[in-house]
1. For residues in segment 3-42 being touching a residue at least 24 places away in the same chain (Cβ under 8 Å) and of a type in the set (Val, Ile, Thr), which is farthest from Leu60 (Cα to Cα)?
2. Just to be sure I understand, how many residues within segment 89-145 are part of a helix (DSSP H, G or I) and at pLDDT below 90?
3. Under the condition of being among the small types (Gly, Ala, Ser) and in a helix (DSSP H, G or I), which residue from segment 42-72 is farthest from Trp122 (Cα to Cα)?
4. Any residue at all in segment 103-122 that's basic (Lys, Arg) and over 24 Å from Leu52 (Cβ atoms)?
5. Against the condition under 21 Å from Lys88 (Cα atoms) and of a type in the set (A, V, I, L, M, F, W, C), how does Ile28 come out, does it pass?
6. Please tell me if Ser75 is part of a helix (DSSP H, G or I), buried (at least 20 other Cβ atoms within 10 Å of the Cβ), touching a helix residue (DSSP H, G or I) at 6+ places or on another chain (Cβ under 8 Å) and among the small types (Gly, Ala, Ser).
7. Would you check which residues across segment 2-41 are outside any loop (DSSP other than H, G, I, E, B), within 22 Å of Ala117 (Cα to Cα) and open to solvent by 50 Å² or more (accessible area, probe 1.4 Å) and list them?
8. Scan segment 46-65 and report the pairs whose first residue is open to solvent by less than 20 Å² (accessible area, probe 1.4 Å) and whose second residue is among the β-branched types (Val, Ile, Thr) and outside any helix (DSSP H, G or I), with Cβ atoms within less than 9 Å and a gap of 6+ or a chain change.
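The values are calculated or read from the model by the stated rules, or taken from the named source; none is laboratory data. Just so it is clear, the structure is predicted and the values come from calculations on it, not from any experiment. Cβ atoms come from the backbone with ideal geometry, glycine included; neighbour counts cover every protein chain shown. Accessible surface areas use protein heavy atoms only, side chains included; no ligands, DNA or RNA. Shrake-Rupley method; radii C 1.70, N 1.55, O 1.52, S 1.80 Å.
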Amino acid sequence: MKKVVKIEEIRTAFKMRYPDVDDDEFSIEYSGFIHEHPLTAIGVVLISSIVLGTSDINRLAEFTRYDKRFLRAISANMEKSLLWNNGKYHCTGWSSGNLLPRNEQEDSEFWDHIRIAEGSCWTADANSLASEDASSIFWDVKRVN
């Protein structure tokens, strides 16, 4: 029987593997309260896409509880770089069946995917260099909420 992974397990595993990403002081200064960094949230979305076996915005929103505008920006960037295609996440370079990357090479590729999802870089075969700024959308949503 396949183990059901919960969103909090993903967040906890990400924060344990990458403890230096979140910056409470910065989030207080920027948004007025402590919350995760946009890159943490993007990483959680990418892992959630694998766990759920889909890149469907509605399913990801229900599972992660992130704003759909944020998820649509990630989706647009991932689709333009051909990493999300036909509802699936093509992540064989870093996902070896574990929840998170296991080594330096997989870490490097995972963080490339996070930057692609953020909109700050693209794959070599991207069908467009236009991108959505997922981090700005994340910050804007936090300031409103």
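1. Thr40
2. Here the count works out to 6.
3. Ala61
4. Checked segment 103-122: no residue is basic (Lys, Arg) and over 24 Å from Leu52 (Cβ atoms).
5. no
6. Details: part of a helix (DSSP H, G or I): yes; buried (at least 20 other Cβ atoms within 10 Å of the Cβ): yes; touching a helix residue (DSSP H, G or I) at 6+ places or on another chain (Cβ under 8 Å): yes; among the small types (Gly, Ala, Ser): yes.
It is true that Ser75 is part of a helix (DSSP H, G or I), buried (at least 20 other Cβ atoms within 10 Å of the Cβ), touching a helix residue (DSSP H, G or I) at 6+ places or on another chain (Cβ under 8 Å) and among the small types (Gly, Ala, Ser).
7. Residues satisfying the conditions are Glu8, Glu9, Thr12, Lys15, Met16, Arg17, Phe26, Tyr30.
8. Matching pairs, first to second residue: Ile47/Val5; Ser48/Val5; Leu60/Thr54.
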